[in-house]
Every structure is written in C-alpha cells, then in structure tokens.
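Below you'll find the structure, written out as structure tokens, and then a few comments.
The values are calculated or read from the model by the stated rules, or taken from the named source; none is laboratory data. Keep in mind it's a predicted model, so treat the numbers as computed, not measured. Please note: Cβ atoms are built from the backbone with ideal geometry, for glycine as well, and neighbour counts cover all protein chains shown.
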Amino acid sequence: MTESVLRALWDLSSNLFATTLPLNLFIIVGFGVLNTVLFIDSAHTAPQHPLSADEIYRRNAAKSGYVHRGISPDGTKFEYWIGLPPQYAPGKPSPTIAFFHCRGWGQNAYKTNILDKNFEKFRKEAFKRGYILLGITYGENSWMNLQGQKRAMAAIKDATKRYSIDPARLYGMGISMGGCGCMILAMNHPRLFRALCDIAGISDYTAFYNAGKYNQKLREALGGSPTEVPKVYKNLSVINFPKAFVNTPVCIIHGNADRTVPVEQSKNLARVLRKTGVMVNYLEVPGVGHSTALIRGYEKVVLDFFETAQ
C-alpha cells in the first residue's frame with residue numbers, strides 16, 4: 001500500500017514540474033498519523049524522507065539533479081545542487097567534486113557555472129567516471145568570508161549525510177570567486193579536499209582590491225578596505241599561506257586575456273606553491289578572458305589530475 005501511494009505521489013510531482021503552477025508548492029499527504037511534506041521547485045528538488053537517494057534518482061527520468069535547502073544545527077542556512085552519476089549506489093562511496101560558483105546570480109547561485117553550457121562536456125565526463133557533482137551556494141557576494149565558509153561546510157556536511165560521498169575522494173573546484181573560494185576553504189580545512197582546481201581565482205585579495213575591481217562589494221563582504229581591515233584581507237589571501245597546501249595538489253587554470261582577474265594572480269600563486277613543494281599543474285589559456293570557456297579542452301586534464309592526486 002505504502003509503495004503504491006509513494007509511486008502515485010512521485011508521478012503527481014513529476015507532472016507538476018511540467019505545469020505553470022507557482023513554485024514553492026507543498027504537497028501534504030497523511031500516512032495515518034504521519035505527515036510527509038514534499039517541497040517541489042523548478043530545479044527538481046529532491047523529495048525528502050521516505051524516498052531514498054537512489055529511489056529519487058531512478059524515478060526522475062530527467063536525471064537533471066536535485067536541490068537541497070536547510071538549516072544546520074548551528075543555525076547556518078545552506079543550499080546546494082547535486083547531480084548523481086548513473087552508476088551511483090547507496091552504500092558505495094563515490095568520488096565527489098564540490099563546485100563553488102562565481103560572484104553574483106542571487107538565489108540561483110547553485111545553478112551557475114557547473115550547469116553552464118561550457119561545462120557540459122565536463123559534467124558528462126565526470127558522470128561517466130562515476131563522480132557526484134555538488135554545486136554549493138555560499139553567498140553571491142561573500143568572497144568566501146567567514147559566513148560563506150560556514151555555509152559551504154554546512155552544505156558539504158549535509159550532502160555527506162544524505163548521499164554516499166567518499167570523504168577520501170572529495171575534490172574542490174571553482175571559478176573566479178569560487179576558484180579562490182575552494183582554495184580558502186581548503187586552506188582552513190587542510191584535510192577536507194584531496195585535490196583542487198582553481199579557475200581564474202584570486203590569490204591576493206589586497207592586490208585585487210588595489211587594482212580597483214569590485215571595491216564596494218569587497219568592502220561590504222569583508223567589513224572594509226585592506227587599510228581598514230588588513231588582517232581580513234591577509235587571511236583570505238591564499239598566497240600568504242602556501243604551506244597549507246603541501247598535502248593538497250592544485251590545478252590552476254587562467255586565461256591570459258583576463259581583464260577581470262589578472263592572470264598574475266594565478267601565475268604568482270603557482271610560483272609560490274611550487275617553491276613550497278606543492279604539486280601544481282598550471283595551465284595558462286591563450287586568448288581567453290574571464291569565462292567559463294576556460295574549462296573547454298581541459299575537462300579530462302582536470303579529472304585525470306584529480307585521479308592521480310596523492
């Protein structure tokens with residue numbers, strides 16, 4: 001009886017996705033004295049209990065991923081998109097890439113970059129190799145400040161509880177603010193990621209601010225300018241703490257035509273990391289600016305780098 005009811009509910013929710021009904025629709029169904037609430041939105045939010053992750057995945061013909069939102073025990077709000085590979089099986093730990101978005105995009109930040117058309121080939125190759133993809137929202141203008149770090153960690157912890165993520169094969173990746181974001185998170189949690197891929201990220205916040213980019217946004221997120229809060233800028237600049245990455249290989253990709261984040265941000269970081277003994281694969285892309293197109297042609301390079309990282 002329960003299985004037939006659940007199947008009917010799933011079919012109903014799938015049909016709702018195709019309608020023009022308002023988002024944030026709640027379906028409340030009584031199972032005796034127990035009520036189950038399913039939250040539906042246009043991003044194919046994964047229903048909660050009693051459907052397990054594998055049931056959700058098998059029943060969703062689109063297989064376009066799911067969104068989880070919640071509040072951690074310490075009151076931190078989190079949100080993330082998760083995509084599961086076809087061979088995903090509960091109880092069987094899977095390698096996972098935690099992807100951090102660029103600045104902006106508001107409430108849809110978890111959808112950016114990793115779901116970008118330029119990342120289509122990367123997604124397909126990652127799924128083919130059995131990777132779970134995790135798109136994390138950590139604040140559209142947080143610049144991975146302390147609150148952004150708390151949100152990111154809350155999302156990772158929640159995803160690890162819900163899905164069979166192998167903590168020994170968790171990789172960090174991001175672009176622009178997300179590139180330095182994954183580096184900052186790894187710097188402050190040295191055993192979190194097995195390897196990293198920083199695409200067009202910022203390694204020196206003070207130098208970036210002094211170049212006149214996003215000054216107002218940086219002041220809002222970090223509580224002032226480098227002159228006003230120098231310690232904050234120093235502590236978020238990963239170039240100042242290369243020893244934090246001695247056990248975490250880093251792949252760096254940057255376009256030499258980047259007018260938003262100067263390529264010197266990555267060149268200098270690669271030089272300092274190598275001098276410290278960090279395993280670095282620095283890839284400078286000719287003629288490409290600050291764009292998701294930087295990943296094109298390097299999909300397998302990045303995944304191979306992850307898989308060979310020790």
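If you go through the range 189-232 and keep only what is more than 19 Å from GLN265 (Cβ to Cβ) and in a loop (DSSP other than H, G, I, E, B), you end up with HIS189, PRO190, ARG191, LEU192, PHE193, ARG194, ALA195, GLY223, GLY224, THR227, GLU228, VAL229.
Here's the yes/no breakdown for (1) at pLDDT below 95; (2) more than 15 Å from ILE175 (Cβ to Cβ); (3) not in a loop (DSSP other than H, G, I, E, B):
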| position | (1), (2), (3) |
| --- | --- |
| ASP258 | no, no, no |
| VAL272 | no, yes, yes |
| VAL278 | no, yes, no |
| VAL302 | no, no, yes |
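Looking only at the range 76-113, which residues are modelled with pLDDT of 80 or more, within 16 Å of THR137 (Cα to Cα) and surrounded by fewer than 19 Cβ atoms within 10 Å (Cβ to Cβ)? Scanning the range 76-113 gives THR76, LYS77.
Per the conditions (1) more than 19 Å from GLY178 (Cβ to Cβ); (2) crowded, with 16+ Cβ neighbours inside 10 Å, the sole criterion not satisfied by ASP304 is (2). The single condition among (1) surrounded by fewer than 21 Cβ atoms within 10 Å (Cβ to Cβ); (2) touching a Phe, Trp or Tyr at 6+ places or on another chain (Cβ under 9 Å); (3) within 27 Å of ASN281 (Cα to Cα); (4) of a type in the set (S, T, N, Q) that SER164 does not satisfy is (3). Only one of the numbered conditions (1) surrounded by fewer than 24 Cβ atoms within 10 Å (Cβ to Cβ); (2) closer than 29 Å to GLY287 by Cβ is violated by ALA159, and that is (2).
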